[in-house]
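This report refers to the structure that appears directly beneath it.
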Amino acid sequence: MAEQTQSDKAAIEPRKGMPSPRLGEAEFKQRYRKLFYDPAFEAEAAAIGRLAQIAWRAYSDERKSPVTRKAGQGFHDPGYDLSVEWIAAHEAVEAAQRRHEDKAAPSRILIINGSSRSEHTCPGEMSKSFRLVELARRAIADRQGFSVEVLDLSRLASEYGRRIYPCKACFSTAAALCHWPCSCYPNHSLGQVQDWMNDIYPLWVEAHGVMIVTPVNWYHTSSPLKLMMDRLVCADGGNPDPTLTQGKDAELAKRVELAGWDYPRHLAGRLFSVVVHGDTEGAANVRHALADWLRSMKLDAIGEVAELDRYIGYWKPYAKSHDELDADKDIQAEVINAALALAEAVGKRRAGDFPTIGARFEDPRQK
């Protein structure tokens, strides 16, 4: 018995040994001052120095969430101090779920532009993905009883203060350590603020159907789309109660998972469509990856018409790619068909005519 206890203890003890990323005061303040590199700030050098000192104290004290309140009723530990920002995100997700379940509300479709290109920054031109998104949006918006929301991920590259920070892979330590919605950000001590995901989570939750339109970037999805995908890991088995793990207590989270975790699928039952376009190679692989990812989160496919991988201007000069799209009436029609198919399936699902096959079966491999 003693040997088993020792083995259990070894299994839940977090592995450590990586070099520390902590900065000394001088290096920290040097980096902080780079926020004010513009010579226009020189007149306020003394004030910036005072701010740098405040920021240094927050960093050295690791004040990740400087404003908290008691969790309250409905949580495992009502007396635990939760970030007020996480509580707001949690409440927004719960409100979105109520909208999703409201049978009197319109059918909600979320269309995502996965391209980072726009005319509002260095590329100087809109993306083909955005044009395809607009075709899909207009096709669905004309249908009675539907509401369409567009999530334009190109704003990560063109809008001030718009960020999606990388996933820290808490789930790989223990499922219960990955909170739903994500509690890793904001981290005020590290200056990791203005994270967009707290606005994005409710868009996915309230949606009845999700359509992703993306280019191929170097044989993969675009950077903005991959950032969002990684940060949606908490929607697929994540822990909706951070007090259960006393925040980010890795050892406690391992105990919770090993005691039996139900891997809640927070987006299960929504329907999806995927449109991937490329210039030379990789479109089919990206389409497969996206569709497999969505299925793994228990979103439902609706058929071949809603899953496209196509080439626009195959091996043609990039400078003429929009002209190639103008001429390609077939892909325009296919994207419209994919959008209309998604809307049709959503209507049937909400009417009870499009069941999830196998939903009653117990999954022996949860995650």
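Return the residues of the range 259-282 that are more than 19 Å from N337 (Cβ to Cβ), touching a residue at least 40 places away in the same chain (Cβ under 8 Å), in contact with an Asp or Glu (Cβ under 8 Å, 6 or more places away or on another chain) and not hydroxyl-bearing (S, T, Y); say none if nothing qualifies. Passing the criteria: H266, L267, G269, R270, G278.
Residue-by-condition table, conditions (1) buried (at least 16 other Cβ atoms within 10 Å of the Cβ); (2) in a loop (DSSP other than H, G, I, E, B):
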{"residue": "W261", "(1), (2)": "yes, yes"}
{"residue": "V276", "(1), (2)": "yes, no"}
{"residue": "T280", "(1), (2)": "no, yes"}
{"residue": "I302", "(1), (2)": "yes, yes"}
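Of the numbered criteria (1) surrounded by fewer than 20 Cβ atoms within 10 Å (Cβ to Cβ); (2) more than 29 Å from I112 (Cβ to Cβ), the one A284 fails is (2).
In summary, G269 fulfils each of the numbered conditions (1) within 22 Å of the chain's Cα centre (by Cα); (2) surrounded by fewer than 16 Cβ atoms within 10 Å (Cβ to Cβ); (3) assigned to a helix (DSSP H, G or I) with the single exception of condition (3). Cβ separations smaller than 8 Å between residues 6+ apart or across chains give the following pairs from the range 283-298 residues that are over 19 Å from T356 (Cα atoms) to residues that are among the polar types (S, T, N, Q) and crowded, with 19+ Cβ neighbours inside 10 Å: V286/T214; V286/T221; A289/T221; L290/T214; L290/T221. When K168, K248 are checked against the criterion of being surrounded by fewer than 19 Cβ atoms within 10 Å (Cβ to Cβ), touching a residue at least 40 places away in the same chain (Cβ under 8 Å), of a type in the set (K, R) and within 20 Å of A89 (Cα to Cα), K248 stands alone in meeting it.
When each of D279, D249 is tested for being over 16 Å from the mean Cα position of the chain (by Cα) and under 27 Å from H322 (Cβ atoms), the lone residue that passes is D279. Considered as a group, the residues in the range 178-228 that are of a type in the set (G, A, S) and within 30 Å of W56 (Cα to Cα) include one that is farthest from the chain's Cα centre (by Cα), and that residue is S189. Taking residues in the range 79-107 that are over 30 Å from R143 (Cα atoms) and without any contact (Cβ under 8 Å) to a residue 24 or more places away in the chain, and partners anywhere that are of a type outside the set (S, T, N, Q) and outside any loop (DSSP other than H, G, I, E, B), the pairs with Cβ atoms closer than 9 Å and at least 6 places apart or on different chains are G79/K70; D81/R69; D81/K70; V84/R69; I87/R69.
Kindly indicate whether any position in the range 184-205 is free of Cβ contacts under 8 Å to residues at least 40 places away in the same chain, in contact with an Asp or Glu (Cβ under 7 Å, 6 or more places away or on another chain) and either polar (S, T, N, Q) or more than 30 Å from L258 (Cα to Cα) (or both). Checked against the condition, which is being free of Cβ contacts under 8 Å to residues at least 40 places away in the same chain, in contact with an Asp or Glu (Cβ under 7 Å, 6 or more places away or on another chain) and either polar (S, T, N, Q) or more than 30 Å from L258 (Cα to Cα) (or both), the range 184-205 yields no hits at all.
When the range 197-220 is filtered for residues that are of a type in the set (F, W, Y) and either over 24 Å from H90 (Cβ atoms) or at pLDDT below 95 (or both), the ones remaining, listed by number, are W218, Y219.
Among the residues making up the range 237-261, those that are acidic (D, E) and either touching a strand residue (DSSP E or B) at 6+ places or on another chain (Cβ under 6 Å) or under 22 Å from K9 (Cα atoms) (or both) are D249, E251, E257.
The values are calculated or read from the model by the stated rules, or taken from the named source; none is laboratory data. Note that the structure is predicted; figures quoted are calculated from it, not measured. Cβ atoms come from the backbone with ideal geometry, glycine included; neighbour counts cover every protein chain shown.
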